[in-house]
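Contents: one structure, followed by commentary.
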Amino acid sequence: MCNDFTFSIIKPNAVRTGKTGPILAMINENGFEIEAMRMVKLTVQQAESFYAVHRGKSFFEGLIEFMTSGPVVVMILRHEDAVDQFRKLIGATDPAKAEPGTIRRTFAVSIQMNAVHGSDSPENAVRESNFFFSEIEKYC
Ligand code: IDP
Ligand code: MG
């Protein structure tokens, strides 16, 4: 169930610097359909809960500060094998290690400010979508 869906965030650095349009264009050009989308500013509590798996890591506090520093765009994307295909399109966490042509290689400015989030499993895609979207906006 839900293998055709993933969840993504355009992160604050990319929104702030006007990269929302170009990133959405890349997403569409690579065959992903946007099923639901919203712009929100995360609270510290929301960001900590979203990234709870990273609590205690050296980069956690900086990540929370960054992710709450301005509006983000959250969305549900549809594609065959969506989670894996989208992780391929965004590239490695560290943009220096991301393949040319990936979203992170193109738009990230650092390992922290790496432009986009993509779920790492179908289960997490559901969990993460549930943070921001109600049942009526989901298609699986
Ligand atoms: P992912 O986003 O590729 O799944 P994760 O390891 O889940 O990568 O890390 C979540 C987010 O935390 C990253 O996208 C990035 O913004 C930030 N992050 C990860 N590792 C580091 C680091 O070593 N330094 C600073 N920020 C990091
Ligand atoms: Mg991750």
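FYI, it's all coordinate maths here, none of it is from the lab. Fair warning: this is a prediction, and the values are worked out from it, not measured in the lab. Ideal geometry is used to build each Cβ from the backbone, glycine not excepted, and the neighbour counts take in all protein chains shown.
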Exercise. Sorted from largest down, what three extents in whole angstroms do the Cα atoms of the stretch 53-140 have along their principal axes?
Worked result: 36, 29, 23
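Can you sort Met75, Met39 so the residue with the fewest Cβ neighbours within 10 Å comes first?
Numbers: Met75 22, Met39 12.
Exposure proxy ranking, most exposed first: Met39, Met75.
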For this session: Count charges around Met26 for me, please; just the other residues with Cβ under 15 Å from its Cβ, Lys/Arg as +1, Asp/Glu as -1.
Result: +3
For this session: Run the dipole for the chain about the Cα centre, Lys and Arg Cβ at +1, Asp and Glu Cβ at -1, nothing else charged, and hand back the magnitude in debye, nearest 20.
Result: 520 debye
Exercise. For a paramagnetic label modelled at 7 Å from the Cα of Asn30 toward its Cβ, which residues of the stretch 109-137 fall within the zone defined by backbone nitrogen distances under 15 Å?
Worked result: 114-121
Exercise. Which whole-number percent gives the relative contact order of the chain, counting Cα pairs below 8 Å spaced six or more residues apart?
Worked result: 38 percent
Exercise. What range in the chain is the longest one free of chymotrypsin sites (Phe, Trp or Tyr not before Pro) that are in a loop by DSSP and have at most 12 other Cβ atoms within 10 angstrom?
Worked result: 60-138
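If we count every other residue with Cβ under 12 angstrom of Thr102's Cβ, Lys/Arg +1 and Asp/Glu -1, where does the sum land?
Working: positive: Arg87, Lys88, Lys97, Arg104, Arg105; negative: Asp94, Glu99.
Counting the neighbours of Thr102, the net charge comes to +3.
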Exercise. If one puts a single equal scatterer on every Cα of the stretch 50-94 and applies the Debye formula without solvent, what log₁₀ I(q)/I(0) results at q = 0.15, 0.27 Å⁻¹?
Worked result: -0.57, -1.04
Problem set entry | Ascending count of other beta-carbon atoms within 10 Å, so fewest first, for Val74, Val109 | Val109, Val74
Exercise. Using every alpha carbon pair in the stretch 1-94, what percent of pairs falls into each 10 Å bin from 0 up to the bin containing the largest distance?
Worked result: 15, 43, 36, 5
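Give me the number: length gained by fully extending Lys97 to Gln85, i.e. 0.36 nm times residue separation minus the C-alpha to C-alpha distance, one decimal in nm.
Full extension from Lys97 to Gln85 adds 2.6 nm.
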Exercise. If we sort 9-22, 114-127 on the protection proxy, mean other Cβ atoms within 10 Å, highest first, what's the order?
Worked result: 114-127, 9-22
